[in-house]
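Everything on this sheet refers to the single structure shown next.
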Amino acid sequence: MTTPLVFDRPLVRRRLTRALDQGYADFLLVRAVEDLEERLSTVLRSFDLALDVGTPTPIAAEALRRSGHVGTVIRLAPVPERGSVVGDEERLPFSGERFDLAVSLLALHGVNDLPGSLIQIRRALKADGLFIGALLGGSTLTELRQSLTQAEAEVEGGVSPRVAPFADLRDIGGLLQRAGFALPVTDTDVVRVRYANAFALMRDLRRMGLTNALLDRRRTPLRRATLMRAAEIYAERFGDADGRIPATFEIVWLSGWTPHESQQKPLRPGSAKARLADALGVKEGDPAPRPDKT
């Protein structure tokens, strides 16, 4: 089955290149790296060889090198940079079962085939290798999406896709299992950032390379009247008492291990070695004991 194409991947890379040239807005990425460091600090083992899959800047690879838990870090960079391998998160250029650890921060929400990318990451890991990733989730930029949709409908009489669809937390765990990861774990970190207005938010999105790169996007820019109306709707519907506006960013965290015989596994039905009746101190078939009444 052919995977539907959602994103213009060459455009995604050009937008990121422009953002890096203009000064990348890294506040979300810095937060994600700090969270990654905390998560790795609870893992009581070291990793000889780690892979950074597509994180927009080298900040995650640098954190891994500083951690003291990782020997060598190879970085798969989405755009050319010194000392890194340039590649695509959808087509990893590595042989199988090579890495002990793989991380990817704020990159995988922009791939067309997320299940396929996860499968490739799992195949790149050795047995009992660890993957930790973070990507933007479903509630990201909900205020902006609603404001743009209403403004475009009012001013232009129709709507077009403006903000990328993001993965839902409820789906991520299933995708990890489909990709063959064991012991999958997912959680979410909702970050709300306040801006002076919608235009300040849009400037930051450009500086993160997160402007519209959908294949089905309308090829003509939004009218000025539509943008102004969207900013008005944003302030009216979501503005705080002091006139500033909030923007929601949902960071979905996912982790899993490549299967290994040493990992914990659920018991097979009927394989228990102790009876519940013995633990309760009753005979098989007796009614359960009731608490005393006072």
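The values are calculated or read from the model by the stated rules, or taken from the named source; none is laboratory data. What you are looking at is a predicted structure, and each value in this text was computed from that prediction instead of being measured. So basically every Cβ, Gly included, is an ideal-geometry build from the backbone, and we count neighbours across all protein chains shown. What goes into the accessible areas is simple: the full protein's heavy atoms, side chains included, and nothing from ligands, DNA or RNA. Shrake-Rupley method; radii C 1.70, N 1.55, O 1.52, S 1.80 Å.
Roughly how many percent of the accessible protein surface of segment 138-240 is carbon and sulfur, given a 1.4 Å probe and a whole-percent answer? Don't skip to the end; give the middle numbers.
Working: 2780 of 5390 Å².
Its accessible area is 52 percent carbon and sulfur atoms.
In segment 1-73, carbon and sulfur make up what percent of the accessible area (probe 1.4 Å)? Don't skip to the end; give the middle numbers.
On the way: 2060 of 3900 Å².
About 53 percent, which is the carbon plus sulfur part of the accessible surface.
If you add up the charges near ARG75, with Lys and Arg at +1 and Asp and Glu at -1, over every other residue whose beta carbon is less than 11 angstrom from its beta carbon, what do you get?
Numbers: positive: ARG65, ARG82; negative: ASP52, GLU62, GLU81.
In short, -1.
What label, among (1) 17.3; (2) 24.2; (3) 14.6, belongs to mean projected area of the Cα convex hull in nm² computed from the structure on display?
Computed from these coordinates, mean projected area of the Cα convex hull in nm² corresponds to label (2).
What does the helix-only formula give at 222 nm for the chain: each DSSP H stretch with n ≥ 4 adding -39500 (n - 2.57), the total divided by the residues, and the result rounded to the nearest 500 deg cm²/dmol? Kindly include the intermediate steps, with their values, before the conclusion.
Numbers: 9 runs with 104 residues, N = 294.
Dividing the helical sum by the residues of the chain leaves -11000 deg cm²/dmol.
Work through the residues other than ARG229 whose Cβ is under 11 Å from its Cβ and net out their charges, Lys, Arg +1 and Asp, Glu -1. Show your work: numbers first, answer last.
Values: positive: ARG223, ARG224; negative: GLU152, GLU154, GLU156, GLU232, GLU236.
Local net charge: -3.
Return the percentage of antiparallel bridges among DSSP beta bridges fully within the chain, rounded to the nearest 5 %. Spell out each step's value before the answer.
Working: 21 of 39 bridges.
Taking every DSSP beta bridge within the chain, about 55 percent pair in antiparallel fashion.
Could you order peptides 241-247, 112-118, 202-208 by the average number of other Cβ atoms within 10 Å of their residues, highest first?
112-118, 202-208, 241-247
Whose amide H sits under 5 Å from the amide H of VAL70, counting only residues 5 or more places off or on another chain, with H placed in the peptide plane?
Excluding prolines and chain starts, which carry no amide H, the hits are PHE47.
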